[in-house]
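Colleague: Structure below; questions to follow.
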Amino acid sequence: MIRPIQNTIFILIFSFVYDNIHVLVKQYVIDIKHLLPKSQPPKSVICRINNKRGKMLANSIQKEKIDPRVKRTRTLIRRAFEELLAEESFKSITIQRITQRAEINRATFYAHFPDKFVLLTDTIRRAFQQELEKRTLSACHYSDDNLLALITTVCEFIAQSDQHCKTIDSEFDMLVETQVKNQIRELLEHWLSLTGSEIAPGIAATATAWAIYGLATYWKNDRSAEKLSAEQFARQVFPLVMANLRIVQLA
């Protein structure tokens, strides 16, 4: 008699738990969520006032914190690499030559850069970004003056890149072109996202980046006595570049 009663009680308890288990689990999940840290909104690019010129500049909300020792080592590597570029062709530069000049071992080099191609890409990106910042071309809006300054900057930058290198080879030229065009495209696409374009901003920015770099290369290779200055050339080709942007004309 006792055993059937025990079985009945067990069945009733099991049925109650089974029927309410989803409620218990749901409540547990809710409680856990309250304990977890709330997700932060994604870091984005904001504008800040440049005190020197009073212009709006694109600036990252949170800058990457790098250990001073890491920064010092990377500076040694970059400096050694730039010195070697002024002495010999990119193709002839080896990792051993870079590490010897920087007075570090190969393991230290590979801890920062996987190969010399990534090092060159990093060098170009940083150098071109510095030129853009000098002219406050990270401005958060489009203007004719900013576009003229961008064309001028590209002309002068690729000309200076050739002058700083003892021998120019196809690998070097290709990496410079790729990196500079990518940065031009990103900047133009940001401008167009604010002003609007008659076609997709990505398409307009890509076409314009190629146009600017191609025109700048034409100017760099011009050896005629009547060669214009970079600023004069920028004004001459400005209508061609504007035609690619297809900026929406506000009424």
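Colleague: Does any residue of segment 73-91 turn out to be modelled with pLDDT of 90 or more, among the polar types (S, T, N, Q) and surrounded by 12 or more Cβ atoms within 10 Å (Cβ to Cβ)?
Modeller: Yes, segment 73-91 has at least one match.
Colleague: If you don't mind, another one. Does residue 125 satisfy the condition of being closer than 21 Å to residue 83 by Cα and either at pLDDT below 85 or surrounded by fewer than 20 Cβ atoms within 10 Å (Cβ to Cβ) (or both)?
Modeller: So residue 125 fits the description; yes.
Colleague: Just checking, does segment 125-133 include any residue being of a type outside the set (Ser, Thr, Tyr) and outside any helix (DSSP H, G or I)?
Modeller: Looking only at segment 125-133, we keep the residues that are of a type outside the set (Ser, Thr, Tyr), and these are 125-133.
Subset that is outside any helix (DSSP H, G or I): none.
Checking segment 125-133: not a single residue is of a type outside the set (Ser, Thr, Tyr) and outside any helix (DSSP H, G or I).
Colleague: Oh, and also: Looking at (1) over 26 Å from residue 246 (Cα atoms); (2) surrounded by fewer than 16 Cβ atoms within 10 Å (Cβ to Cβ); (3) not hydroxyl-bearing (Ser, Thr, Tyr), find the lone condition where residue 144 falls short.
Modeller: Only one criterion in (1) over 26 Å from residue 246 (Cα atoms); (2) surrounded by fewer than 16 Cβ atoms within 10 Å (Cβ to Cβ); (3) not hydroxyl-bearing (Ser, Thr, Tyr) is unmet by residue 144, namely (1).
Colleague: Have a look at 217, 195, 167 and point out the one that is modelled with pLDDT of 90 or more and assigned by TED's automatic domain parsing to the domain that holds residue 236. Lay out the reasoning, then the answer.
Modeller: Working: 195 fails: modelled with pLDDT of 90 or more; 167 fails: modelled with pLDDT of 90 or more.
Matching residue, one of 217, 195, 167: 217.
The values are calculated or read from the model by the stated rules, or taken from the named source; none is laboratory data. The shown structure was predicted, so the numbers you read here are calculated from the model rather than taken from an experiment. Here the Cβ is made from the backbone with ideal geometry for all residues, glycine too, and neighbour counts use every protein chain on show.
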